[in-house]
Amino acid sequence: MSLSPPSAAPQDSPRPRRARRTRLRRRALAAALTAALLALGQAVFGSASARTAPGTSASAPQADPADIVRVAEFLAECDFSHRLPDDPIVAPGNPGGSHMHSFFGSRVTNAHTSLADLVASDSTCDPAIDVSAYWVPTLYDGDRPVEPAGATFYYLGEGVHPDVTARIRPMPLGLKIVAGDARATGPDDPDVRARWSCLHAGHVPPSKDFVTCPPGTMLESYLDFPQCWNGTDLDSPDHKSHMAYPVNGRCPDTHPVPVPKLRQVLRYPVNGDPSGLRLASGPGHTMHGDFFNAWPEAEMERRVRDCINPVIKCGTDGRP
């Protein structure tokens with residue numbers, strides 16, 4: 001019996017093989033295109049975890065630790081706003097009841113100003129969210145008022161021990177503070193706190209009274225406010241006793257709550273012989289400052305948490 005040769009295995013026809021290869025190439029191309037689109041989306045919009053939900057704030061970029069300056073500080077740079085013989089802390093509701101003051105920050109401050117007025121106002125400060133009111137006695141050269149070319153209000157964690165800095169709390173909304181003594185009879189009076197110096201002329205010793213500044217420099221005043229709060233009162237009858245200065249780097253038991261130390265720095269465009277200078281309150285040693293806090297609570301809290309407590313120098317945006 002002759003055997004028939006084994007029959008050949010069935011073979012695909014050329015056309016189905018070509019169709020399958022075409023489908024595979026299309027799938028590979030589609031996968032590559034999808035991957036490319038995903039990569040592009042990542043580059044443009046960020047990952048899903050990094051995207052910010054509507055109505056929320058994006059996280060601030062983290063500062064390089066090498067760029068961090070270890071100074072507990074944030075600040076506001078404020079332009080001069082207006083001049084009035086008003087004082088909403090010492091003479092509230094009494095227009096014209098004070099010597100002349102120069103105002104910074106909130107543009108609406110007058111004898112009748114309330115916290116609600118400040119919160120609803122515009123500001124001359126950077127950041128504009130600081131609608132607090134700051135005011136000082138107007139400086140005169142003869143009879144000509146001289147307004148600062150610049151005013152910086154530093155919020156600091158210095159002047160106390162490190163463990164105190166670490167637990168400094170935000171200033172409460174509506175807190176009122178007065179520093180210095182408008183009625184001082186001499187530079188050695190105990191409440192005289194301000195110092196006068198010359199900008200960019202460190203060889204001129206600071207003084208409690210006006211100093212002679214070299215040509216090309218400016219007269220500078222700096223004043224530190226008390227930084228220990230009694231934890232209860234936003235003001236007091238004498239406008240001072242609810243606040244205190246630290247003693248040996250710690251807040252006294254009567255004022256146990258540490259808050260940022262406000263430092264007022266004013267730069268006046270005058271130099272040379274200071275004999276013609278006077279403040280609306282009197283000689284240089286009567287320099288004083290008033291502060292009515294209207295920072296948004298969340299912004300004050302963030303700056304204390306991120307700048308003061310960890311001892312980090314921050315700018316006007318409250319970031320390193």
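The values are calculated or read from the model by the stated rules, or taken from the named source; none is laboratory data. Bear in mind that the values here come from a model prediction, so they are computed numbers and not experimental data. Note that we place each Cβ from the backbone using ideal geometry, even for glycine, and neighbour counts take in every protein chain shown. Surface areas here come from the heavy atoms of the whole protein model, side chains and all, with no ligands, DNA or RNA. Shrake-Rupley method; radii C 1.70, N 1.55, O 1.52, S 1.80 Å.
Check whether at least one residue in the stretch 151-164 is surrounded by fewer than 17 Cβ atoms within 10 Å (Cβ to Cβ) and over 20 Å from Gln227 (Cα atoms), and report yes or no. No; the residues of the stretch 151-164 include none that is surrounded by fewer than 17 Cβ atoms within 10 Å (Cβ to Cβ) and over 20 Å from Gln227 (Cα atoms).
So which of Leu219, Leu266 is open to solvent by less than 50 Å² (accessible area, probe 1.4 Å) and closer than 27 Å to Ile68 by Cα? Break it down into steps so the answer makes sense when it comes.
Numbers: Leu219 fails: closer than 27 Å to Ile68 by Cα.
Step by step, each of Leu219, Leu266 is checked, and only Leu266 is open to solvent by less than 50 Å² (accessible area, probe 1.4 Å) and closer than 27 Å to Ile68 by Cα.
Candidates are the residues of the stretch 123-143 that are more than 20 Å from the chain's Cα centre (by Cα) and hydroxyl-bearing (Ser, Thr, Tyr); the one that is least open to solvent (accessible area, probe 1.4 Å) is Thr138.
Summed over the stretch 212-252, residues that are in contact (Cβ under 8 Å) with a residue 60 or more places away in the chain and β-branched (Val, Ile, Thr) total 1. When only residues in the stretch 166-185 that are open to solvent by 10 Å² or more (accessible area, probe 1.4 Å) and not aliphatic (A, V, I, L, M) count, which is nearest to Arg250 (Cα to Cα)? Taking the candidates together, the pick is Arg167. Out of all the residues in the stretch 202-211, is one or more in contact (Cβ under 8 Å) with a residue 60 or more places away in the chain and closer than 30 Å to Asp122 by Cβ? Within the stretch 202-211, not a single residue is in contact (Cβ under 8 Å) with a residue 60 or more places away in the chain and closer than 30 Å to Asp122 by Cβ.
Residue-wise test of (1) open to solvent by 70 Å² or more (accessible area, probe 1.4 Å); (2) out of contact with any helix residue (DSSP H, G or I) (no Cβ under 9 Å at 6 or more places or on another chain); (3) in a loop (DSSP other than H, G, I, E, B).
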residue: Ser102; (1), (2), (3): no, yes, no
residue: Gly105; (1), (2), (3): no, no, no
residue: Ala111; (1), (2), (3): no, yes, yes
residue: Ser121; (1), (2), (3): no, yes, yes
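Here's the yes/no breakdown for (1) open to solvent by 20 Å² or more (accessible area, probe 1.4 Å); (2) part of a loop (DSSP other than H, G, I, E, B):
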| residue | (1), (2) |
| --- | --- |
| Gly289 | no, no |
| Glu301 | yes, no |
| Pro310 | yes, yes |
| Asp317 | yes, yes |
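Considering only the stretch 172-269, give the strands (runs of 3 or more DSSP E) lying wholly within it that have at least 1 residues that are within 20 Å of the chain's Cα centre (by Cα).
Working: elements: 176-180, 195-199, 218-224, 261-268.
Once the strands (runs of 3 or more DSSP E) in the stretch 172-269 are filtered for at least 1 residues that are within 20 Å of the chain's Cα centre (by Cα), what remains is 176-180, 218-224, 261-268.
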